[in-house]
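We did not get these values from a lab; they are worked out from the coordinates using the rules stated. From a predicted model like this one, the values you see are computed outputs, not experimental measurements. Glycine gets a Cβ as well: all are built from the backbone with ideal geometry, and neighbour counts include every protein chain shown.
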Amino acid sequence: MKIAIINGPNLNLLGTREPGVYGHQTFEDYLKSLVAAYPSIDFDYFQSNIEGELIDQIQKVGFSSDGILLNAAAYTHTSVGIGDAVKAVDTPVIEIHISNTFSREDFRHKSYLTPVSKGIIVGFGLDSYRLGIEALLKP
Ligand code: DQA
């Protein structure tokens, strides 16, 4: 099984970025624990701060993976282009958020991804990604 993880802007700073909201762990460290926990899954990890690069990556993996875990970060709330890319590909996309966006500022309540995603997992810290994998593993 191939699962692509795509992280958007500022998620490269996990570990040091607002640790009260996003925790103290880097994504690279967390990813090692996922790889160890799911040895039969082939993970493809990509992070970019650039909207067009995220769209390119969704197009690149969106016809050949079994699932995409997409945390588009701030672009979630602004990007028609990323929403259109999710809609355009065959692979099911799960929208992921580390923090509970609905308990934060109003502008974080709007998502261009939710209507086109298979489902959303929001607010469980980095464990949101593991829960996304479990959702993809269900037939
Ligand atoms: C985030 C929530 C977004 O509102 C924010 O802009 C992020 C991270 C999350 O994972 O909680 O950068 O997607």
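Fewest neighbouring Cβ atoms within 10 Å first, the residues Arg130, Arg17 line up as Arg17, Arg130. The Cα atoms of segment 35-139 give a gyration tensor whose axes a ≥ b ≥ c have a/c of 1.5 or more with a/b no greater than b/c, which makes the shape oblate.
Taking the DSSP beta bridges with both ends in the chain, the antiparallel portion is around 0 percent.
Taking other C-beta atoms within 10 angstrom as a stand-in for reagent exposure, Ser128, Ser64 fall in the order Ser64, Ser128, fewest first.
Note on the chain: dipole from Cβ charges, positive end direction compared against Gly15, Asn100, Tyr112; the farthest Cα belongs to Asn100. Annotation: the residues His97, His77, His24, sorted from fewest to most other C-beta atoms within 10 Å of their own C-beta, follow the order His24, His77, His97. A Gaussian network model of the chain, with springs between Cα atoms under 10 Å, assigns the largest mean-square fluctuation among Lys32, Lys87, Lys118 to Lys32.
Close amide-amide hydrogen proximity is noted between Gln47 and Asn7, each under 5 Å apart and 5 or more residues distant or on a separate chain (H modeled in the peptide plane; Pro and chain starts excluded).
Using alpha carbon centroids, what distance separates segment 1-67 and segment 74-139, in Å? Here the answer is 13 Å between Cα centres.
All other residues with a Cβ under 15 Å from the Cβ of Ile58 taken together, and with Lys, Arg as +1 and Asp, Glu as -1, what is their net charge? Computed value for this residue: -4. Pairs over the 22 Å Cα-Cα cut-off, from the set Lys60/Lys110; Lys118/Lys138; Lys2/Lys60: Lys60/Lys110.
Under 5 Å from the amide H of Phe124 lies no amide H of any residue 5 or more positions distant or on a separate chain, with H modelled from the backbone and absent for Pro and chain starts.
Here the spin labels are modelled as points 7 Å beyond Cα on the Cα-Cβ line, and at Leu131 and Asp29 they lie 2.2 nm apart.
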